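This report concerns only the one structure given below.
The values are calculated or read from the model by the stated rules, or taken from the named source; none is laboratory data. These figures come from a predicted structure and were not determined experimentally. A quick note on method: Cβ atoms are made from the backbone with ideal geometry, for glycine too, and the neighbour counts reach across all protein chains shown.
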């Protein structure tokens, strides 16, 4: 079922009907290392979070990424693929590659510079030959579907939250709903200038939401999502959103990972609320990587 209105979503969201029945967090993760880190000017056309005035140090970006891989590797098995200097956004693989149990899903990227990533034979072979996953390849379709950048998923319930923008259209949303095998998808427009849902919405193991209300075209949308999760929601200011506090991921059921900049942007009350709801915060300095318009969650592709 795909719904597009907050009232229809709340009518469909039923605790018994959508009781958690699948693992809430991934069994492993993979990353792609930055190679000769630089900023992709093509991606900047619709990613206002990029800082094209920055002159980032590639070695610092590599060190930040290595620390991230080591830190999250303490929570679950983590694989890191080598980077490709012809794919400057390749360190954000979750937009191009995602999984559901037994399936690798390859997204359809808007920009040509990112479509190169979808052709990587080593990542495809790892899933097909090593893990025995079948591939659902959306990369040559006429729509746009940037996977878990555009689609934030409550894996335990099989519910997707899909923000429509230049990075995902309605046909792409339908294709992702089918590819991930979702039971319910709530589609809504992002605010003008927003590119990915995972910058304005984070869902932590199906029990806590992090929401930037100014990132949604209709304020009733984040209100409905918060209500669905019993108002266990952290509400972000525009400044906290720009600090990537919404770009969060839970790789276990008791820790949320965000960048150091994001963690520093949260208020003491927000830290206390997360702790009260059973979360500890893991954070990593990603100041250089964040100049490319993405943060910690963008760097992590989950393996289910």
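For residue 113, are the conditions met, namely being surrounded by fewer than 22 Cβ atoms within 10 Å (Cβ to Cβ), touching a helix residue (DSSP H, G or I) at 6+ places or on another chain (Cβ under 9 Å) and at negative phi? Steps first, answer last, please.
Details: surrounded by fewer than 22 Cβ atoms within 10 Å (Cβ to Cβ): yes; touching a helix residue (DSSP H, G or I) at 6+ places or on another chain (Cβ under 9 Å): yes; at negative phi: yes.
Answer is yes for this residue.
For every residue, the table says whether it meets (1) in contact with a helix residue (DSSP H, G or I) (Cβ under 6 Å, 6 or more places away or on another chain); (2) at pLDDT below 95.
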{"position": "14", "(1), (2)": "no, yes"}
{"position": "23", "(1), (2)": "no, no"}
{"position": "30", "(1), (2)": "no, no"}
{"position": "44", "(1), (2)": "no, yes"}
{"position": "48", "(1), (2)": "no, yes"}
{"position": "51", "(1), (2)": "yes, yes"}
{"position": "55", "(1), (2)": "no, yes"}
{"position": "59", "(1), (2)": "no, yes"}
{"position": "85", "(1), (2)": "no, yes"}
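Grab the strands (runs of 3 or more DSSP E) fully contained in the stretch 230-304, keeping just those with 3 or more residues being within 30 Å of residue 105 (Cα to Cα) and at pLDDT 95 or above.
In the stretch 230-304, 255-259, 280-284, 301-303 are the strands (runs of 3 or more DSSP E) which contain 3 or more residues that are within 30 Å of residue 105 (Cα to Cα) and at pLDDT 95 or above.
Identify the residue in the stretch 204-221 that is farther than 14 Å from residue 245 by Cβ and in contact with a strand residue (DSSP E or B) (Cβ under 7 Å, 6 or more places away or on another chain) and, among all such residues, is surrounded by the most Cβ atoms within 10 Å (Cβ to Cβ).
Restricting attention to the stretch 204-221, the residues satisfying the condition of being farther than 14 Å from residue 245 by Cβ are 205-207, 216-221.
If we keep only those that are in contact with a strand residue (DSSP E or B) (Cβ under 7 Å, 6 or more places away or on another chain) as well, we get 205-206, 216-218, 221.
Details: 205: 22, 206: 22, 216: 22, 217: 15, 218: 15, 221: 26.
Per the criteria, the residue is 221.
Does residue 37 satisfy the criteria of being closer than 20 Å to residue 284 by Cβ, buried (at least 17 other Cβ atoms within 10 Å of the Cβ) and modelled with pLDDT under 95?
Values: closer than 20 Å to residue 284 by Cβ: yes; buried (at least 17 other Cβ atoms within 10 Å of the Cβ): yes; modelled with pLDDT under 95: yes.
The answer is yes for residue 37.
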